[in-house]
Amino acid sequence: FDFAPNNVIPRASLLSVNIYLYGRPIHINLIPLLIWSFLMFSQEVLILIEKVILEIVTSLSKDEAPVLVLPNRSSWANVSFDNAVGLQMTSGSSVTTVRSNCSSSVTKFGHILKVLSTIYKLVQSNVYATKRDIYYNDTQLFGSQRTVDSIVDDISCMLKVPRRRLHVLATSKGFISGDLCYLEEDSTKVDCHSNSTIPSVMFVFTLTCSPDIVSSAKFVLIVEKDATFQKLLDYDFCTKLCPCIMITGKGVPDVNSRLMVRKLWDTLHIPIFALVDADPYGIEIMCIYKYGSVAMSFEAHSLTVPSVMWLGLLPSDLHRLRVPEDALIPLTQRDQNKLTSLLKRPYLACQPAWQREMEMMQRSKVKAEIQSLASIAPDFLSRVYLPNKLRYGGWI
């Protein structure tokens, strides 16, 4: 059985595919398969929600107060580390019990039921909504957007279903730019040579199924801050050195940004570099892209990129480049506590070079933002620092 003559993989589309059996082409229409898969996934979600409701009804029929059992998404005790995956939730994780007869949790119990009801209707009718839509549907009940955000993630974790299959989307906050073109679901061509907003979770999820991704990029550069991202855009960095793709989550990345980086890695198979501040919080942001977070460890397989490499700004760069002292910032007590916490994390054991850089920061008691390189020369970052790092392998 050959996929194509001469071992050439044929171009596939979301609608059809050609395969070759003993050199003879066979055309297969994928639409029925995709519809069947969608219906099966949707049916599974509906059954899982119905099971939760049935347990509540059963408790009520026995004159017992219903409870909901949620995996604890905030405890390091609930995650294990795998170098190939990152932080992932363990099967025997501790749980949080949300009781309907307890004053401290009855409100959350009601919130979960309300959101479950909304999700059921969305999946059943094949309609999508944003978390903001859900919040504005009953602002008095939820009180804040953060409540809805947390409840949706709790439900996703409880049902063991990715959020995209709950038909709940989040508005993207990140940007992407560079050598990348793709077609949206309505056949609109998106050219990322100009700054583009990262697409929604549902669309990013379908990107790898489509042949309509065109890129000659040699690497992906994750940029921590929007200000640095915009400065590199002004310099036309994505074309002057070599074709590349830049992406920023504008600080702590949202799920869309993390999912996009993962999809680019899976699809293009090119190096992924991170450019973050030489401070504990910049390092933590880079670790979220690479290894994931405790709160989203139940979706580690689709969100982490274990191959991410630390391009800069390294604490050792500050000494090597003789960054002026007035551009350096003393570590606060909060910074030192965060750094100590990072050094205890399980993934640092397999990153001795990262550990040495962080210990250097701990000894020097100073940090620096990427913008500190401008104290050497206004365009030092784009004209000297990044080109040399990429050309001579200055990453760890």
* Is it the case that the stretch 331-342 has a residue that's under 30 Å from S75 (Cβ atoms), among the acidic types (D, E) and touching a Lys or Arg at 6+ places or on another chain (Cβ under 8 Å)? -> yes
* Structure fact -> Reported set for the stretch 156-191 where residues are out of contact with any Ser or Thr (no Cβ under 8 Å at 6 or more places or on another chain), exposed (fewer than 14 other Cβ atoms within 10 Å of the Cβ) and among the polar types (S, T, N, Q) is S187, T188
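Every residue, every condition in (1) over 14 Å from I222 (Cα atoms); (2) touching a residue at least 40 places away in the same chain (Cβ under 8 Å); (3) in contact with a Gly (Cβ under 6 Å, 6 or more places away or on another chain), yes or no:
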{"residue": "C238", "(1), (2), (3)": "no, yes, yes"}
{"residue": "D266", "(1), (2), (3)": "yes, yes, no"}
{"residue": "H269", "(1), (2), (3)": "yes, no, no"}
{"residue": "S297", "(1), (2), (3)": "yes, yes, no"}
{"residue": "G312", "(1), (2), (3)": "no, yes, no"}
* the stretch 91-111 residues that are of a type in the set (A, V, I, L, M, F, W, C), paired with ones that are open to solvent by less than 30 Å² (accessible area, probe 1.4 Å) and in a helix (DSSP H, G or I) (beta carbon under 8 Å, 6 or more apart) -> V98/F109; V98/I112
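Matching residues to (1) charged (D, E, K, R); (2) buried (at least 22 other Cβ atoms within 10 Å of the Cβ); (3) more than 23 Å from E357 (Cα to Cα); (4) touching a helix residue (DSSP H, G or I) at 6+ places or on another chain (Cβ under 6 Å):
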| site | (1), (2), (3), (4) |
| --- | --- |
| C242 | no, no, yes, no |
| K250 | yes, no, yes, yes |
| S257 | no, yes, yes, no |
| D266 | yes, no, yes, no |
| P271 | no, no, no, no |
| Y281 | no, no, no, no |
| I285 | no, no, no, no |
| A295 | no, no, yes, no |
* To do: Identify all residues within the stretch 80-109 that are more than 21 Å from I151 (Cβ to Cβ) and β-branched (V, I, T); write none if there are none.
  => V85, T90
* Among the residues of the stretch 92-116, write down those that are of a type in the set (G, A, S) and open to solvent by 50 Å² or more (accessible area, probe 1.4 Å). => G92, S94, S103, S104
* D153 fails exactly one of the following numbered conditions: (1) open to solvent by 30 Å² or more (accessible area, probe 1.4 Å); (2) within 26 Å of N78 (Cα to Cα). What is the number of that condition? -> (1)
* Any strands (runs of 3 or more DSSP E) falling wholly within the stretch 58-113 and containing at least 2 residues that are polar (S, T, N, Q) -> 95-99
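The values are calculated or read from the model by the stated rules, or taken from the named source; none is laboratory data. Source: prediction; values computed, not measured. FYI the Cβ positions are ideal-geometry reconstructions off the backbone, even for glycines, and counts take in every protein chain you see. Quick note on the areas: whole protein, heavy atoms, side chains included, nothing else; ligands and nucleic acids left out. Shrake-Rupley method; radii C 1.70, N 1.55, O 1.52, S 1.80 Å.
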